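Visitor: So that we are looking at the same thing, I have put the structure below in structure tokens.
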Amino acid sequence: MSVSTVEKDPAELTCTPGPAAGVEVITPREVPLGGPRAMTVRRTLPSRARSLIGAWCFVDHYGPDPVAGPGGSGGMVVPPHPHTGLQTVSWLFTGEIEHRDSAGHHAMVRPGEVNLMSAGRGISHSEVSTAAATTLHGAQLWVALPDHARDGAPGFTHHAPEPVERPGLEARVFLGSLLGVTSPVPTATPLLGAELLIQPGASVSLDVDPSFEHGVLVDTGALAVAGTPAAAHDLVYLPPGADHLDLQAGPDPVRVLLLGGPPFGESIVMWWNFVGRTHEEVVAHRAAWQAQVEGGPDGSTYVDGRFGVPTGDQRAPIPAPPMPHVRLRERR
């Protein structure tokens, strides 16, 4: 069957090249974090097309969101909640967030400074924006822990990387190595995490590890990633094989997060705040958390247990949602 257009004045279409071989452009979906004035985040990982980039398994991108006023979000208020089998990586562009966890850590998340929390066998934490945060803008990232590390002790690391300047580029390397700089933050698998600020119209070529797959999360501006056009909020995936990454900025300043790592090589089961290996394992994690939330036999609420209680936070914890009525599927 053939179809012809019958429009009198059809719109003009400009054909542009599609992604290069193996390159994927993942567009975000909006996800509310809950509550009547909830923040809405743009989630690109996991997606239907892809579950992991290296060990990176979760990418939420938010803001800039005003906190106060009639149109304000009210800020970030995430009461105590659990994690297992992963590391959280918090990176802010604007704002300030207070972190408390059950391993005894109390720290601030500030722009240009990375906070990495390792859940290991189990941790609970809370995240609340401070009064100093009039605008929130940043990314919340997760890293899946490999089998040999996922049942280890929980931990926390803070690092403020120094900026590295190159023609047309300023970078902050918060995980791994890039541009001759290596972050001191320990990771269980090889990883790369960096913020890149690219001047308008600049062409940048970065030497990268050819064994890594990479993701370029575009915060502001538009650019070509390895020749593939990308707009603000897109996540561009690049497969292993290349020893350099070419970035061409458009007419406006560009800010991106560059993520990378070798293919993870393990299947994971991810649901709510847990990363496990089987459906049954995640069910057990949920039951352990609910036992804490629902309290002890004496009627007390929010007892200590596998996930602990965040230091100095008396907020009621977030109960786990009901398990779905189907088995959780593996992500590879």
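Visitor: For a protection proxy built on the mean count of beta-carbon atoms within 10 angstrom, sort 230-238, 102-110 highest first, please. List each step's numbers first, then the result.
Guide: On the way: 230-238: 21.0, 102-110: 17.7.
Top to bottom by mean Cβ count within 10 Å: 230-238, 102-110.
Visitor: List, in order, the whole-Hz ³J(HN,Hα) value for each residue of region 227-240 obtained from phi through the Karplus relation with A = 6.51, B = -1.76, C = 1.60 and θ = phi - 60°; use x for Gly and Pro.
Guide: Residue by residue, region 227-240 yields x, 9, x, 9, 10, 3, 5, 6, 10, 9, 9, 10, x, x Hz.
Visitor: Sort 111-122, 159-170 by the packing proxy (mean of other Cβ within 10 Å over each peptide's residues), most packed first. Spell out each step's value before the answer.
Guide: Values: 111-122: 20.8, 159-170: 13.7.
Highest to lowest by the protection proxy: 111-122, 159-170.
Visitor: Let me know the shape class of region 81-170, please: from the alpha-carbon gyration tensor, a ≥ b ≥ c as square roots of the eigenvalues, rounded when a/c is under 1.5, otherwise prolate if a/b is greater than b/c, or oblate. Show your work: numbers first, answer last.
Guide: Numbers: a/c = 2.49, a/b = 1.39, b/c = 1.79.
Judged from the Cα gyration tensor, region 81-170 comes out oblate (a/c at least 1.5, b/c at or above a/b).
Visitor: Run the dipole for the chain about the Cα centre, Lys and Arg Cβ at +1, Asp and Glu Cβ at -1, nothing else charged, and hand back the magnitude in debye, nearest 20. Spell out each step's value before the answer.
Guide: Details: 22 positive and 34 negative charges, 152 e Å.
The calculation lands at about 740 debye.
Visitor: By the scheme Lys and Arg +1, Asp and Glu -1, what is the net charge of all other residues having a beta-carbon under 15 Å from that of H99? Present the calculation step by step, with values, prior to reporting the outcome.
Guide: Details: positive: R100, R110, R315; negative: E96, E98, D101, E113, E127, D313.
My count for the surroundings of H99 gives -3.
Visitor: For the chain, modelled as a Gaussian network with Cα springs under 10 Å, which listed residue fluctuates most, G227, G250, G180?
Guide: G180
Visitor: Rounded, prolate or oblate, given the Cα gyration tensor of region 132-183, with a/c below 1.5 counting as rounded?
Guide: On the way: a/c = 2.57, a/b = 1.38, b/c = 1.86.
Oblate.
Visitor: Angle, helix 279-294 long axis vs. longest principal axis of the chain, Cα atoms, 0 to 90°, nearest 10?
Guide: Once rounded, one gets 50 degrees.
Each reported figure results from applying straightforward, stated rules to the coordinates on display, with no laboratory input. Computed from a predicted model, the values in this text were never measured in an experiment. In this analysis, Cβ positions are derived from the backbone assuming ideal geometry, glycine residues included, and neighbour counts consider all displayed protein chains.
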